[in-house]
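Just so it is clear, none of the values below were taken in a lab; they were calculated from the coordinates. From a predicted model like this one, the values you see are computed outputs, not experimental measurements. Methodologically, a virtual Cβ is constructed for each residue, glycine included, from the backbone with ideal geometry; neighbour enumeration extends over all protein chains shown.
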Amino acid sequence: MVTAQVSRGAGDPGVDHATGERGPMSRLLIVSRIIPGAEGRVAQIYSESDATELPGLTGVRHRSLYSLHDVCVHLMETADVDPDELAAARNHPLFLEVNERLSAHTSPYLPTWRSPRDAIAGCFYTWNASDAVTVTGAAG
């Protein structure tokens, strides 16, 4: 899997899609290979996982899965979580089970992948409507 973490910046209040709550958030983009036709099985694995306490442990507030041919793009919006808590969650039995189940249908995008840290991509452009400057008035 390829992981890209896009931090929204300190103090940038994201909106929780589920609750409408505002608070510091990050976006995480994971790119992997998927066996074409396995989208339903992968979605089911995440659906079952999202019904457990795992999203709360990892700070996941939103998840969307996309595919194009054999590429799977997994977008997550996460609450800012203490790094030690997040590291502990990665060793949680539910987290390990999800990764084991996914391995039958997905694989790393890059053959050199060893851990999520190895595959972090940097965000090279961000635009937010709330940051845009609006100019009004007649030119002339």
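Points to keep in mind about this one:
- Taken along the Cα-to-beta-carbon direction at a fixed 7 Å, the label points for N99 and S64 span 2.6 nm.
- Calculated FRET efficiency for the pair T52/W113, C-beta based, R₀ 35 Å, to 0.05: 0.85
- Fully extended contour minus Cα-Cα distance, from V81 to Y125, at 0.36 nm per residue: 13.4 nm
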